[in-house]
1. If a residue has to be among the polar types (S, T, N, Q), surrounded by fewer than 19 Cβ atoms within 10 Å (Cβ to Cβ) and within 15 Å of Arg45 (Cβ to Cβ) to count, how many in segment 92-117 make the cut?
2. Please return the ranges of strands (runs of 3 or more DSSP E) entirely within segment 76-122 where 2 or more residues are within 19 Å of Ser58 (Cβ to Cβ) and of a type in the set (Ser, Thr, Tyr).
3. Can you name the residue in segment 23-45 that is at pLDDT 95 or above and surrounded by 14 or more Cβ atoms within 10 Å (Cβ to Cβ) and is also farthest from Leu100 (Cα to Cα) among such residues?
4. Within segment 92-122, track down each residue that is free of Cβ contacts under 8 Å to residues at least 12 places away in the same chain and of a type in the set (A, V, I, L, M).
5. Name the one entry in Gly15, Gly9, Gly66, Gly55 that is under 16 Å from Gln117 (Cβ atoms) and either out of contact with any Ser or Thr (no Cβ under 7 Å at 6 or more places or on another chain) or open to solvent by 20 Å² or more (accessible area, probe 1.4 Å) (or both).
6. Please give the number of the condition Val79 fails out of (1) open to solvent by less than 60 Å² (accessible area, probe 1.4 Å); (2) over 16 Å from Gln3 (Cα atoms); (3) without any contact (Cβ under 8 Å) to a residue 60 or more places away in the chain.
7. Filter segment 55-75 down to the residues that are aromatic (Phe, Trp, Tyr) and either in a loop (DSSP other than H, G, I, E, B) or under 19 Å from Phe32 (Cβ atoms) (or both) and list them by number.
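The values are calculated or read from the model by the stated rules, or taken from the named source; none is laboratory data. This one's a predicted model, so the numbers in the text were calculated from it and none came from an experiment. Cβ sites come from the backbone with ideal geometry, for glycine too, and all protein chains shown count toward neighbours. To get the accessible areas, we keep the full protein, side chains included, count just its heavy atoms, and leave off ligands, DNA and RNA. Shrake-Rupley method; radii C 1.70, N 1.55, O 1.52, S 1.80 Å.
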Amino acid sequence: QVQLVESGGGLVQAGESLRLSCAVSARTSGTFTMGWFRQAPGKEREFVAGITWDGGNSDYADSVAGRFTISSDNARKTVYLQMNSLKPEDTAVYYCAPVLPSNFRIPRYSYWGQGTQVTVSS
């Protein structure tokens, strides 16, 4: 069982930055490949970025590549998403979730937390 708590969202203007955090806890000790997803009103949930727990490999959606950076802090069991040069189209609820090591774009489980709201105004 994995528990996920997202934080760091907020209301910002286009061009500004935010850093999202995902605190990960598990009943058993171990590591997970983690991903960030987002869902805008009226749209399907989409992949944003993924990373191995040791940070050795990462993957990004084309829409955020070059602007967003995913990172992890193993000691704090936290995954981050640094979002720079935010655009109005980045507005969505952002979720973190364990993903398949073989494909960062596929969630490992069906559970989703409450996420954190990111709103970018023009």
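1. So the answer is 3.
2. Of the strands (runs of 3 or more DSSP E) lying wholly inside segment 76-122, those with at least 2 residues that are within 19 Å of Ser58 (Cβ to Cβ) and of a type in the set (Ser, Thr, Tyr) span 78-83, 92-100.
3. In this case the residue turns out to be Ala40.
4. The one that is free of Cβ contacts under 8 Å to residues at least 12 places away in the same chain and of a type in the set (A, V, I, L, M): Ile106.
5. Gly9
6. (2)
7. Matches in segment 55-75: Tyr60 only.
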